[in-house]
Amino acid sequence: MRLFDCCCGNTLYFDNTLCTACGRKVGWCAACHGVQALEPEGDHWRCTACAAELLLCANYASEEVCNRTVLPGGAALCDCCELNATVPDMNVAGNREKWARLEAAKRRLIFALDRLGLPHARDGVVPLSFAFMGDPEGEGLWRAAGEAERVYTGHAEGLITINIREADPAEREQIRVDMGEAHRTLIGHFRHEIGHYYWDLLVRDDPALLEGFVALFGDPQDPPYGVALERHYAEGPPADWAERHVSAYASMHPWEDWAETWALYLDIASVLDTAVSLGLMSGAVLGDLPDMLARYRRMGRALNELNREMGLLDFAPAVISGPVEEKLAFVHRVVSGAGRGGFLDNGAAL
Ligand SMILES: [Zn+2]
Ligand SMILES: [Zn+2]
Ligand SMILES: [Zn+2]
Ligand SMILES: [Zn+2]
């Protein structure tokens with residue numbers, strides 16, 4: 001993520017809704033694509049950077065879970081919020097905060113996809129949409145809920161479902177510890193699930209890419225997904241999973257291997273983009289994969305040590321083995337082939 005400037009000279013951050021120095025309202029401008037200070041003008045707002053006339057996204061104006069704007073005469077919801085198929089029940093205490101955290105992570109995801117020039121649309125070839133849903137309410141009820149009632153975080157035909165329990169930091173940390181995961185974050189969930197979306201959109205129907213996929217990740221029909229899932233939860237991952245996979249979960253099935261590898265690729269691309277934007281690193285954001293990995297490892301080593309100094313989880317916990325590097329190179333090839341109009345094309349800032 002890059003930083004932005006208020007017209008008063010203060011630094012603005014991606015999630016800001018207010019400038020802490022001058023008190024101006026702040027939002028993502030639908031016209032100049034940046035976080036900008038907004039001036040009130042009659043019944044609308046004006047961008048202080050590009051002078052465009054703007055309205056607040058309906059989820060910003062009435063729900064305060066968004067910080068984007070829309071152009072007058074267009075849709076009431078911004079480019080991120082319009083992807084929502086189901087949003088949390090606002091009658092349940094705490095759901096507004098959870099929804100706001102989910103939207104913040106989703107905006108960060110969409111920003112990265114736009115930076116990479118990757119296609120995503122509600123009316124695309126594979127229509128993208130999101131459902132943020134909770135389990136049945138009541139103390140401990142979700143544990144007793146039947147299979148059909150439970151909300152599973154996952155992807156199906158372009159619909160990404162996230163259980164809003166994941167937006168509760170204490171619950172999420174408990175699940176992370178229970179599952180023995182190095183990280184469990186909202187942005188991580190989005191990066192994983194969008195990987196499944198791009199497999200459907202970019203790989204599934206492309207014979208050459210599908211052949212490359214099977215060679216590296218394995219045949220997704222053998223064993224079928226359901227069989228692999230049952231086996232994973234009954235037997236656990238193979239002891240030597242780390243030699244071939246980025247995570248234990250990735251060893252479950254080729255589709256999960258792909259989604260986990262894709263998520264790591266988005267981690268790497270986003271970290272390098274941020275590092276370059278902040279002036280911590282020079283050069284192009286994305287070059288060839290070995291160069292990207294060398295720079296990510298350098299950054300990861302430093303940030304791991306800094307995090308350990310503060311008693312925090314490792315910043316970059318994944319050990320990238322040779323086979324994982326080959327899989328990342330395949331993801332890089334898919335992204336490079338599909339990315340249009342992002343920095344892969346022209347190196348320019350969005
Ligand atoms: Zn300001
Ligand atoms: Zn603007
Ligand atoms: Zn919005
Ligand atoms: Zn998955």
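The values are calculated or read from the model by the stated rules, or taken from the named source; none is laboratory data. Remember, predicted model here, so these are calculated numbers, not experimental data. Cβ coordinates were reconstructed from backbone atoms using ideal geometry, including for glycine residues, and neighbour counts include every protein chain displayed. What goes into the accessible areas is simple: the full protein's heavy atoms, side chains included, and nothing from ligands, DNA or RNA. Shrake-Rupley method; radii C 1.70, N 1.55, O 1.52, S 1.80 Å.
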Inset, instruction - Quote the charge dipole size of the stretch 179-271 about the Cα centre in Debye, to the nearest 20; the model charges only the Cβ of Lys and Arg (+1) and of Asp and Glu (-1). - result: 260
Legend entry - Antiparallel %, DSSP beta bridges [both residues in the stretch 79-197], to 5: 30
Inset, instruction - With everything on Cα atoms, drop me the angle between helix 186-198 and the longest principal axis of the chain, reported from 0 to 90° to the nearest 10. - result: 70
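With N denoting the number of residues in the stretch 15-169, provide Rg(C-alpha) divided by 2.2 N^0.38 Å, to two decimal places.
Compactness ratio reported: 1.15.
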Legend entry - Solvent-accessible area, 1.4 Å probe, carbon plus sulfur percent, for the stretch 206-350: 57
Legend entry - Directionally averaged shadow of the stretch 210-350, computed from the convex hull of its alpha-carbon atoms, nm²: 10.0
Inset, instruction - Please find, in a Gaussian network model of the chain (springs between Cα atoms separated by less than 10 Å), the residue of Trp199, Trp99, Trp241 whose mean-square fluctuation is greatest. - result: Trp241
Inset, instruction - Report the one residue of His120, Leu210, Ala228 whose Cα lies farthest in the direction of the positive end of the charge dipole of the stretch 99-231 (charges on C-beta: Lys and Arg +1, Asp and Glu -1; origin at the Cα centre). - result: His120
Legend entry - Long-range amide H partners of Ser321 with built H, under 5 Å: none
Legend entry - Computed lengthening from Cys7 to Leu303, 0.36 nm per intervening residue step minus Cα-Cα distance: 103.4 nm
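Highest mean first, what order results for 183-190, 54-61 on Cβ atoms within 10 Å?
Values: 183-190: 18.8, 54-61: 21.0.
So the order, starting with the most tightly packed, is 54-61, 183-190.
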Legend entry - the stretch 39-93 - accessible surface per residue (Å², probe 1.4 Å): 50
Inset, instruction - Taking the chain as the reference, fit the longest principal axis to its C-alpha atoms, fit the long axis of helix 225-235 to the helix C-alpha atoms, and give the angle between the two in degrees, 0 to 90, nearest 10. - result: 70
Legend entry - Cα centroid of the stretch 231-270 to Cα centroid of the stretch 43-60, whole Å: 43
Inset, instruction - Using a cut-off of 10 Å between beta-carbons, work out the net charge of the residues near Leu83 (Lys and Arg +1, Asp and Glu -1, Leu83 not included). - result: 0
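Using the Kirkwood radius over C-alpha pairs as Rh, can you work out the diffusion coefficient of the stretch 79-197 via Stokes-Einstein at 10 °C, viscosity 1.306 mPa s, in µm² per second?
Working: Rh = 15.0 Å.
Calculated translational D: 106 µm²/s.
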Inset, instruction - Give me the percent of the accessible area of the stretch 64-105 that comes from carbon and sulfur atoms, probe 1.4 Å, all protein chains in place. - result: 50
Inset, instruction - List the pair-distance distribution P(r) of the chain, using every Cα-Cα distance, as the percent of pairs falling in each 10 Å bin from 0 up to the bin containing the longest distance, rounded to whole percents. - result: 5, 22, 33, 27, 11, 2, 0
Legend entry - Surface accessible to a 1.4 Å probe, per residue, for the residues of the stretch 206-350, Å²: 51
Inset, instruction - With +1 on each Lys and Arg Cβ and -1 on each Asp and Glu Cβ, and nothing else charged, work out how big the dipole of the chain is about its Cα centre, in Debye to the nearest 20. - result: 1020
Inset, instruction - Grab the Cα-Cα distance for Glu157 and Thr20, subtract it from 0.36 nm times how many residues apart they are, and report the gain in nm with one decimal. - result: 45.1 nm
